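Let me begin by presenting the structure, written as structure tokens, before commenting on it.
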Amino acid sequence: MLDEDKQKPVQNEPLTLDFAEAALVKSLWWGNLVTFAVVLAGAMIVASWQSAASVAVGGLIALANFRLLERTIRRTLMARPRPQESPLRRVLTKYYLRFGATALVLFILVRQGLVEPLGLLVGLSVVVLTIMVWGIAQAKRLSR
């Protein structure tokens, strides 16, 4: 089957994650867990229990969102392509639904005073911090 716009064969088979990509996602996941543990331990040492609990809540939300995004992308890549359905649209729809749900949960947590905003923000930064550290490590490795 040819795509008339591009004159290239349309792929009818599902994609697979090569070993390198699977290893990358796994290493990022373990990096997220280690970063979360270090940040939470630091918060438990230097902050009040409510701040540490806020860090834990934020970190758990960030980890859950990372895992759900990874699962959505993996399932989309592995699924057999359906005619008239855009995989990108499916991923983005789920992403924005999850984003809205997360925003609502965060709003409720902060509005009700169940968490401290600064601790929550620190916990939510776990995945970003892990990806930044990973990126710096990759840049150093490539510059050698």
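The values are calculated or read from the model by the stated rules, or taken from the named source; none is laboratory data. Everything numeric here is computed off the predicted structure, so don't read it as measured data. For neighbour counting, all protein chains shown are included, and Cβ atoms are generated from backbone atoms with ideal geometry for every residue, glycine included.
Please specify each residue of region 41-50 satisfying the condition of being touching a residue at least 40 places away in the same chain (Cβ under 8 Å) and within 15 Å of residue 125 (Cα to Cα).
Matches in region 41-50: 43 only.
Just to verify a result, which residue in region 11-23, among those that are surrounded by fewer than 11 Cβ atoms within 10 Å (Cβ to Cβ) and of a type in the set (A, V, I, L, M, F, W, C), is modelled with the lowest pLDDT?
19
Would you point out the residue of region 98-113, among those that are surrounded by 13 or more Cβ atoms within 10 Å (Cβ to Cβ) and in contact (Cβ under 8 Å) with a residue 12 or more places away in the chain, that is nearest to residue 67 (Cα to Cα)?
Ranking the qualifying residues of region 98-113, first place goes to 98.
Give the residues of region 51-97 that are surrounded by fewer than 16 Cβ atoms within 10 Å (Cβ to Cβ), without any contact (Cβ under 8 Å) to a residue 24 or more places away in the chain and either under 23 Å from residue 33 (Cβ atoms) or of a type in the set (Ser, Thr, Tyr) (or both), sorted by residue number.
Scanning region 51-97 gives 64, 71, 75, 86, 93, 96.
Here is a yes/no grid of residues against (1) among the aliphatic types (A, V, I, L, M); (2) more than 28 Å from residue 22 (Cα to Cα):
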| position | (1), (2) |
| --- | --- |
| 60 | yes, no |
| 67 | no, no |
| 73 | yes, no |
| 80 | no, no |
| 91 | yes, no |
| 109 | yes, yes |
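Can residue 26 be described as surrounded by fewer than 15 Cβ atoms within 10 Å (Cβ to Cβ) and either in contact with a Leu (Cβ under 6 Å, 6 or more places away or on another chain) or modelled with pLDDT under 85 (or both)? Let's see the steps before the verdict.
On the way: surrounded by fewer than 15 Cβ atoms within 10 Å (Cβ to Cβ): yes; either in contact with a Leu (Cβ under 6 Å, 6 or more places away or on another chain) or modelled with pLDDT under 85 (or both): no.
Judged against the criteria, residue 26 is not a match.
Taking only pairs six or more apart or across chains, which ones have beta-carbon atoms under 9 Å, a first residue in region 126-144 that is under 16 Å from residue 24 (Cβ atoms), and a second residue that is of a type in the set (Ser, Thr, Tyr) and assigned to a helix (DSSP H, G or I)?
Once the first residue is under 16 Å from residue 24 (Cβ atoms) and sits in region 126-144, its partners that are of a type in the set (Ser, Thr, Tyr) and assigned to a helix (DSSP H, G or I) give 127/35; 130/35; 133/35; 134/27.
Hey, among the residues in region 36-50 that are surrounded by 17 or more Cβ atoms within 10 Å (Cβ to Cβ) and at pLDDT 95 or above, which one's farthest from the chain's Cα centre (by Cα)?
Residues of region 36-50 that are surrounded by 17 or more Cβ atoms within 10 Å (Cβ to Cβ), as a first pass: 36, 39-40, 43, 47.
Narrowing the set further to residues that are at pLDDT 95 or above leaves 36, 39-40, 43.
Numbers: 36: 13, 39: 17, 40: 18, 43: 22 Å.
This residue is 43.
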